[in-house]
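What follows is a single structure, written as structure tokens, with notes after it.
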Amino acid sequence: MRYGLIGNPLGHSWSPKIHALLGDYEYGLYPLEKEELASFLGQKDLGGLNVTLPYKKEVLPFCAGLSDAAQKIGCVNVLRFTPEGIFGDNTDCDGFLYMVRRSGIAFEGRKVLVLGSGGASLTARYCSSLLGAGQIVTISRKGPDDYDHLDRHRDAQIIINTTPLGMYPDNESQALSLAEFPKLEGVLDVVYNPLRTAIIQQAQEMGIPCSAGLPMLVAQAVAASERFMGNRIPDEKTEQVLSAIRSDIENIVLIGMPGCGKSTIGRELEKMTGRKLVDIDAMIEEEHGCPIPQIITTRGEEFFRDLETEAVCRWAKQSGLIIACGGGTPLRERNRRLLRQNGMIFWLQRELSLLPTIGRPLSVDLEKLESVRRPVYEAASDAQIDNNGPAQETARKILEVFGK
């Protein structure tokens with residue numbers, strides 16, 4: 001029997017990878033036009049399908065039966081093919097509830113703002129009700145509760161983003177600022193690409209419990225696999241799959257003082273992992289046909305920093321890379337946010353006496369430079385790695401931390 005995902009467009013999907021980690025069954029991607037739905041769903045070798053946009057409601061007429069969740073939410077994301085006909089289910093609800101449980105956010109009696117009015121919004125509202133929310137308000141672009149009248153909801157305790165704002169490739173967009181809600185206790189975002197959307201990063205900076213959408217994506221797939229295969233998958237397996245997918249997606253980002261070995265360690269990691277290395281400085285030099293010291297001397301540091309931000313914006317939204325940054329890349333707050341959206345950031349530390357200064361106009365006074373940049377590196381990094389030894393040893397330390 002065949003299993004898979006239908007939708008249009010599908011683009012890059014993590015579903016085949018997730019299902020490959022869950023069971024031994026064929027799982028494919030089937031991008032379909034609307035007029036192809038009927039004939040495709042009539043094939044005799046289908047065991048089960050996941051359904052994504054724009055067909056979560058379009059498949060309802062083909063269903064002989066619906067689960068309680070699918071009926072109440074009004075759309076399905078799983079189809080099971082049985083002798084009695086096609087059965088429609090909704091495991092987005094399972095995924096959402098798992099994400100909430102994992103985040104530790106309490107809904108009982110809370111005022112919940114759901115951003116967006118599409119299919120994901122229906123799931124969020126249904127699940128919020130199941131969890132005992134005291135009040136659920138949908139914020140949309142039109143109507144009395146739109147984005148121009150958020151002042152009436154400043155007392156919201158939980159915010160759930162179900163809009164595509166912040167989703168790849170428009171990673172920096174954000175529906176609202178969390179600073180406007182002084183009573184916030186939790187923030188959830190169903191978006192999983194990037195790993196940390198702008199609204200999730202703001203929640204983290206404010207110390208508010210939060211979760212982006214990857215746990216929901218994995219958990220709904222686990223629930224779908226259970227429906228397909230008729231078995232129970234423990235939470236431990238869900239966490240293993242989540243960790244494996246996160247490791248595939250997350251970038252390894254290297255920061256640190258000029259000359260501390262970011263490019264060298266990046267190349268070593270590239271050899272060890274098979275990941276692509278993106279060396280921001282090398283890329284700028286190649287694209288502009290001259291070394292960075294010359295760019296800074298002739299055009300000024302600010303011009304170079306703009307080039308740097310353009311490169312970071314282009315590459316940090318990608319997945320599964322090794323990104324070696326220039327020494328000053330983390331100085332801009334925007335760069336730090338861009339790198340963090342999909343990256344685990346490692347600060348390479350090396351003795352100042354070992355850092356080169358010849359041909360580096362910004363490294364004339366290393367002690368002064370280090371005193372300015374140290375607090376920036378410290379705040380920006382997830383881990384600090386000593387790089388005074390062999391490159392292979394440093395790379396292994398990074399992978400050991402990254403693997404956890």
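Key figures for this structure:
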| read-out | value |
| --- | --- |
| Residues of the range 194-208 satisfying the condition of being assigned to a loop (DSSP other than H, G, I, E, B) and out of contact with any Lys or Arg (no Cβ under 9 Å at 6 or more places or on another chain) | THR197, MET206, GLY207, ILE208 |
| Count of the range 93-111 residues which are within 17 Å of the chain's Cα centre (by Cα) and within 13 Å of CYS127 (Cβ to Cβ) | 6 |
| Out of MET229, MET216, sole residue that is modelled with pLDDT under 95, hydrophobic (A, V, I, L, M, F, W, C) and within 24 Å of ASN90 (Cα to Cα) | MET229 |
| Residue within the range 93-112 that is closer than 14 Å to GLN220 by Cβ, assigned by TED's automatic domain parsing to the domain that holds VAL191 and of a type in the set (Val, Ile, Thr) present | yes |
| Qualifying residue in the range 297-311 (condition: in a loop (DSSP other than H, G, I, E, B), within 22 Å of the chain's Cα centre (by Cα) and crowded, with 19+ Cβ neighbours inside 10 Å) | no |
| Pairs where the first residue, in the range 351-379, is more than 15 Å from LEU331 (Cα to Cα) and in a helix (DSSP H, G or I) and the second is modelled with pLDDT of 90 or more and polar (S, T, N, Q), C-beta under 8 Å, 6+ apart | LEU354/ASN388 |
| Residue that is surrounded by the most Cβ atoms within 10 Å (Cβ to Cβ) [pool: residues in the range 78-116 that are in a strand (DSSP E or B) and basic (Lys, Arg)] | ARG80 |
| Residues being loosely packed, with under 12 Cβ neighbours inside 10 Å and either under 28 Å from the mean Cα position of the chain (by Cα) or not in a helix (DSSP H, G or I) (or both) - total across the range 26-58 | 5 |
| Given (1) of a type in the set (Gly, Ala, Ser); (2) within 30 Å of ASP248 (Cβ to Cβ); (3) surrounded by fewer than 13 Cβ atoms within 10 Å (Cβ to Cβ), number of the condition SER319 does not satisfy | (3) |
| The range 315-343 residues that are in a helix (DSSP H, G or I), paired with ones that are buried (at least 22 other Cβ atoms within 10 Å of the Cβ) and acidic (Asp, Glu) (beta carbon under 7 Å, 6 or more apart) | THR329/GLU308 |
| Close pairs from the range 132-148: first free of Cβ contacts under 8 Å to residues at least 40 places away in the same chain, partner of a type in the set (Lys, Arg) and in a strand (DSSP E or B), Cβ under 7 Å, at least 6 apart | GLY134/LYS111; GLN135/LYS111 |
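The values are calculated or read from the model by the stated rules, or taken from the named source; none is laboratory data. It should be emphasised that the depicted structure is a prediction, and the values quoted were computed from it without experimental measurement. All Cβ positions, glycine included, derive from the backbone under ideal geometry; neighbour counts span all protein chains shown.
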